[in-house]
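First the structure, in the form of structure tokens, and then the observations on it.
The values are calculated or read from the model by the stated rules, or taken from the named source; none is laboratory data. All of these numbers come straight from a predicted model, not from anything done at the bench. Reconstructed Cβ throughout: ideal geometry from the backbone, glycine too, with neighbour counts over all protein chains shown.
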Amino acid sequence: MEAMDLSGDKKTSDLQKKPRYSPGLAFCRSDLVLVLCIAVLALFPYTVGKYLQARATSEQSGMAAVLTVDGKEVWREELTGLASETTYSVEFGTEEIVICADASGAWVEASDCPDQICVHTGKLSKVGQAAVCIPFRVVLKIVATNPSQPDEVDAVSGSCGGLYEILFG
Amino acid sequence: MRLMQFPEVAEVFMKYSSAKLSLLGILTALSLTLSVLESLILPFSVIPIPGFRIGFANIVILVSVYLLGALPSVAIVLVRTAAVFAFGGNLTAFLFSLTGGLCAVSVMLILRNTRRFSFFGLSAGGAAAHAVGQIGAAMIITGTWELMGYLPVLVWISILAGLLTATLAVPVYKAADATSRSRGI
């Protein structure tokens, strides 16, 4: 804790006028190492997610659209072999979010949230893609369905899938 | 004098010289101003990257980490996020900037205490920590692991933003440092 008080957090050190630690003001080699380490480490969860997705997709027999609100699943639609377009809406008081799905994918048709990012995300047609609406805490994602191992695989297969499709709403 | 209702907190700040306390006040006001100005001149429509801001308030935190120390820097972050929330922010944005800001300031303090990194290392590390804290909060709020896929992109652009704010912070630090030395803070 002594190191925390370097800049004179106590009155005594104010009086003694200890020389204060001054930082380097130019980009140095240790900075470069730090920046590169962070940049590489940031890739780690994405790579793991890609691997899990690849593994899950190879076992997949179909795909389903899953809608969660506050992390709880409220709606699930099997997309493979879906005959006609279906819609589903969730109401939050006077506001609502409308989801559409057909055999090729699912998308957020309309939302009353301020920034509309979930709507602009567009159609989700691959396993692992997701449209996220943070104001409503709604997540629409495409998961792989596998009759032999239903939910457990689904929960993992979605993780970190479509990198650029994932947007806050 | 409302602070007196929390004797423990008050006692910590009572130890500071009045010059240091006023510097703390000025820096807090400055970080709040920069925060509000940034959302006015660079709204989401200008930089359409969700959850990303250049974070000009970071300039103030960088200066206070060196000039004032650990506790005042954390105090600035807390007051800034609470004030932005009070002046018409929404709850989710508040939670994101609170977790992000606290992560950033902790990482910056740790990096400062290693004494190995310059302004630029501190700023980039803090910005990356902000991104991680924000995504962590978003994952907890929505209960979605998928958001982790967004981490690399957000961390990379945050590092660039951190290097930019460090460049801007250097002259600010030089001026604040010279003034505070001549005032004996």
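Step by step: first the residues of the stretch A:122-133, then only those that are under 26 Å from A:A83 (Cβ atoms) and within 14 Å of another protein chain (Cβ to nearest Cβ), then the one that is surrounded by the fewest Cβ atoms within 10 Å (Cβ to Cβ). Which residue is that? Let's see the steps before the verdict.
Initial filter on the stretch A:122-133 (under 26 Å from A:A83 (Cβ atoms)): A:122-131.
With within 14 Å of another protein chain (Cβ to nearest Cβ) added as a condition, the list becomes A:124, A:126-131.
Values: A:L124: 25, A:K126: 13, A:V127: 22, A:G128: 28, A:Q129: 26, A:A130: 29, A:A131: 30.
Filtering the stretch A:122-133 for residues that are under 26 Å from A:A83 (Cβ atoms) and within 14 Å of another protein chain (Cβ to nearest Cβ), the one surrounded by the fewest Cβ atoms within 10 Å (Cβ to Cβ) comes out as A:K126.
Looking at A:V119 and the list (1) surrounded by 21 or more Cβ atoms within 10 Å (Cβ to Cβ); (2) under 21 Å from B:I49 (Cβ atoms), which single condition is not satisfied?
(1)
Right, B:P72: touching a Phe, Trp or Tyr at 6+ places or on another chain (Cβ under 6 Å) and either of a type outside the set (A, V, I, L, M) or at pLDDT 90 or above (or both) or not? Walk me through how you get there before you give the answer.
Values: touching a Phe, Trp or Tyr at 6+ places or on another chain (Cβ under 6 Å): no; either of a type outside the set (A, V, I, L, M) or at pLDDT 90 or above (or both): yes.
No: the conditions fail for B:P72.
So is B:I135 more than 7 Å from chain A (Cβ to nearest Cβ), closer than 24 Å to B:S22 by Cα, touching a residue at least 12 places away in the same chain (Cβ under 8 Å) and crowded, with 19+ Cβ neighbours inside 10 Å or not? Explain how you work it out, then say what you get.
Values: more than 7 Å from chain A (Cβ to nearest Cβ): yes; closer than 24 Å to B:S22 by Cα: no; touching a residue at least 12 places away in the same chain (Cβ under 8 Å): yes; crowded, with 19+ Cβ neighbours inside 10 Å: yes.
No, not satisfied.
Look through the stretch A:42-55, keep the residues that are hydroxyl-bearing (S, T, Y) and surrounded by fewer than 16 Cβ atoms within 10 Å (Cβ to Cβ), and return whichever of them is farthest from the other protein chains (Cβ to nearest Cβ).
A:Y51
Taking the conditions exactly as written (more than 13 Å from chain A (Cβ to nearest Cβ) and either within 15 Å of the chain's Cα centre (by Cα) or closer than 30 Å to A:Q116 by Cα (or both)), does B:A29 satisfy them or not? Don't jump to the end; show me each part of the working.
Values: more than 13 Å from chain A (Cβ to nearest Cβ): yes; either within 15 Å of the chain's Cα centre (by Cα) or closer than 30 Å to A:Q116 by Cα (or both): yes.
Here the answer is yes, as B:A29 does meet what is asked.
Please verify whether the stretch B:148-162 includes one or more residues that are buried (at least 22 other Cβ atoms within 10 Å of the Cβ), free of Cβ contacts under 8 Å to residues at least 12 places away in the same chain and under 30 Å from A:G49 (Cβ atoms).
yes
Of all residues in the stretch A:1-41, which are more than 8 Å from chain B (Cβ to nearest Cβ), modelled with pLDDT under 70, assigned to a helix (DSSP H, G or I) and surrounded by 13 or more Cβ atoms within 10 Å (Cβ to Cβ)?
A:S13
Which of the residues belonging to the stretch B:171-183 are facing chain A (nearest Cβ under 9 Å) and within 16 Å of the chain's Cα centre (by Cα)?
B:Y173
Being within 19 Å of A:A144 (Cβ to Cβ) and loosely packed, with under 13 Cβ neighbours inside 10 Å is the filter here; which residues of the stretch A:81-102 pass it?
Matches in the stretch A:81-102: A:G81 only.
Test of understanding: among B:T92, B:T114, B:T81, which residue is modelled with pLDDT under 95 and within 10 Å of the chain's Cα centre (by Cα)? Steps first, please.
On the way: B:T92 fails: within 10 Å of the chain's Cα centre (by Cα); B:T114 fails: within 10 Å of the chain's Cα centre (by Cα).
That would be B:T81, the only listed residue that is modelled with pLDDT under 95 and within 10 Å of the chain's Cα centre (by Cα).
Any residue at all in the stretch A:108-120 that's more than 10 Å from chain B (Cβ to nearest Cβ), modelled with pLDDT under 80 and not in a strand (DSSP E or B)?
Scanning the stretch A:108-120 turns up at least one residue that is more than 10 Å from chain B (Cβ to nearest Cβ), modelled with pLDDT under 80 and not in a strand (DSSP E or B).
If I filter the stretch B:34-50 down to residues being more than 18 Å from B:V105 (Cβ to Cβ) and of a type outside the set (A, V, I, L, M, F, W, C), which single residue comes out as nearest to the other protein chains (Cβ to nearest Cβ)? Let's see the steps before the verdict.
Initially, the stretch B:34-50 is screened for residues more than 18 Å from B:V105 (Cβ to Cβ), giving B:36-37, B:39-50.
Those left that are additionally of a type outside the set (A, V, I, L, M, F, W, C): B:39, B:43, B:45, B:48, B:50.
On the way: B:S39: 13, B:P43: 10, B:S45: 9, B:P48: 9, B:P50: 4 Å.
This residue is B:P50.
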